[in-house]
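J.: Please read through the structure below; I'll follow up with questions.
The values are calculated or read from the model by the stated rules, or taken from the named source; none is laboratory data. Predicted, not measured: the structure shown is a model, and the values here were computed from it. We place every Cβ from the backbone using ideal geometry, glycine too, and count neighbours over all the protein chains shown.
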């Protein structure tokens with residue numbers, strides 16, 4: 001663990017697949033309560049807490065809040081724990097990727113209305129890792145109409161594709177990539193978890209797994225594209241004509257249309273982001289529903305999976 005110090009994002013090392021695997025094992029082995037008992041830090045370095053921000057989805061793996069220093073406000077996201085788990089490595093990934101992408105976006109796409117909050121620096125203490133962001137005040141896309149959400153989300157997905165094409169080979173090495181082997185293994189894992197919790201769904205699972213692997217084989221030949229992987233309206237802030245996209249801990253380079261499939265899942269097909277069932281969309285919808293049911297246990301995702309069978 002780091003000593004007490006400030007770090008710039010380029011000083012951090014991108015987590016490898018082995019870090020994520022070990023972090024995942026730690027997360028599954030240790031009780032979720034092992035990080036829930038931490039309170040949000042009142043002081044982080046020179047920054048003093050003004051107010052805590054609680055996620056509406058109940059995610060308590062990070063402590064987030066607005067802090068101030070010399071009459072300037074900042075947004076700080078903090079991981080705390082005695083053992084580095086998956087969430088720790090995801091936050092390190094967010095620090096590196098957000099710093100890289102926010103600068104590249106401003107430099108190479110100044111005409112874009114998409115913005116990514118600037119990273120001021122990271123702050124480390126034993127058992128604590130924080131990212132200090134510029135503070136963005138605005139309106140959450142949660143409050144917008146479905147028509148407005150579609151318009152904003154289409155701009156975001158289009159600009160992320162443009163940004164993918166601009167990134168250099170060296171820059172892409174700073175961002176994790178998910179390829180066919182990643183999805184192949186996780187489809188089996190999530191399907192097993194679903195089967196354990198819903199034994200009667202075996203015929204459905206077998207049908208979906210067969211179609212998932214068939215679709216995955218088709219899309220795996222396509223170039224990787226920049227994907228946020230948590231593109232929900234609560235992670236989007238509207239401010240003076242700009243659209244700020246936050247919470248980048250899950251960002252990856254992967255096959256196209258993951259974000260669009262997640263949007264369809266969130267709005268249960270009310271979105272017009274993707275009007276046709278391309279192989280990518282069908283695969284990702286199967287993958288996302290399996291993943292979310294395995295994590296959350298919400299029966300809604302089983303119903304969505306059953307609805308997907310009409311496209312098979």
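J.: Looking only at region 191-207, count every residue that is in contact with a helix residue (DSSP H, G or I) (Cβ under 7 Å, 6 or more places away or on another chain) and either free of Cβ contacts under 8 Å to residues at least 24 places away in the same chain or not in a helix (DSSP H, G or I) (or both) and tell me the total.
T.: 4
J.: Could I ask something else about it? Which one is farthest from the chain's Cα centre (by Cα) among residues in region 50-66 that are touching a residue at least 60 places away in the same chain (Cβ under 8 Å) and surrounded by 13 or more Cβ atoms within 10 Å (Cβ to Cβ)?
T.: Filtering region 50-66 for residues that are touching a residue at least 60 places away in the same chain (Cβ under 8 Å) and surrounded by 13 or more Cβ atoms within 10 Å (Cβ to Cβ), the one farthest from the chain's Cα centre (by Cα) comes out as 66.
J.: Just checking, how many residues over region 164-190 are surrounded by 16 or more Cβ atoms within 10 Å (Cβ to Cβ) and not in a helix (DSSP H, G or I)?
T.: Summing the residues that are surrounded by 16 or more Cβ atoms within 10 Å (Cβ to Cβ) and not in a helix (DSSP H, G or I) in region 164-190 gives 5.
J.: Tell me the residue from 213, 183 that is more than 11 Å from residue 294 (Cα to Cα), in the same structural domain as residue 295 (by TED's automatic domain parsing) and touching a helix residue (DSSP H, G or I) at 6+ places or on another chain (Cβ under 6 Å), please.
T.: Of the residues listed, the single one that is more than 11 Å from residue 294 (Cα to Cα), in the same structural domain as residue 295 (by TED's automatic domain parsing) and touching a helix residue (DSSP H, G or I) at 6+ places or on another chain (Cβ under 6 Å) is 183.
J.: So, in region 229-245, how many residues would count as being surrounded by fewer than 21 Cβ atoms within 10 Å (Cβ to Cβ), in a loop (DSSP other than H, G, I, E, B) and either free of Cβ contacts under 8 Å to residues at least 24 places away in the same chain or in contact with a strand residue (DSSP E or B) (Cβ under 8 Å, 6 or more places away or on another chain) (or both)?
T.: 1
Every residue, every condition in (1) part of a strand (DSSP E or B); (2) in contact with a helix residue (DSSP H, G or I) (Cβ under 8 Å, 6 or more places away or on another chain); (3) in the same structural domain as residue 247 (by TED's automatic domain parsing), yes or no:
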residue: 41; (1), (2), (3): no, no, no
residue: 61; (1), (2), (3): no, yes, no
residue: 76; (1), (2), (3): yes, no, no
residue: 79; (1), (2), (3): yes, yes, no
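J.: Give me the pairs: first residue in region 112-123 and not assigned by TED's automatic domain parsing to the domain that holds residue 240, second residue surrounded by fewer than 17 Cβ atoms within 10 Å (Cβ to Cβ) and in a strand (DSSP E or B), beta-carbon distance under 6 Å, and six or more apart or on different chains, which are they?
T.: 113/242; 115/242; 117/134; 118/134; 121/6; 122/7; 123/6
J.: Are any residues in region 1-39 in a loop (DSSP other than H, G, I, E, B), modelled with pLDDT of 80 or more and more than 22 Å from residue 118 (Cα to Cα), and if so, which ones?
T.: Those that are in a loop (DSSP other than H, G, I, E, B), modelled with pLDDT of 80 or more and more than 22 Å from residue 118 (Cα to Cα): 16, 38, 39.
J.: Follow-up. Which ones in region 81-119 are more than 19 Å from the chain's Cα centre (by Cα) and within 26 Å of residue 60 (Cβ to Cβ)?
T.: Within region 81-119, 81, 82, 83 qualify.
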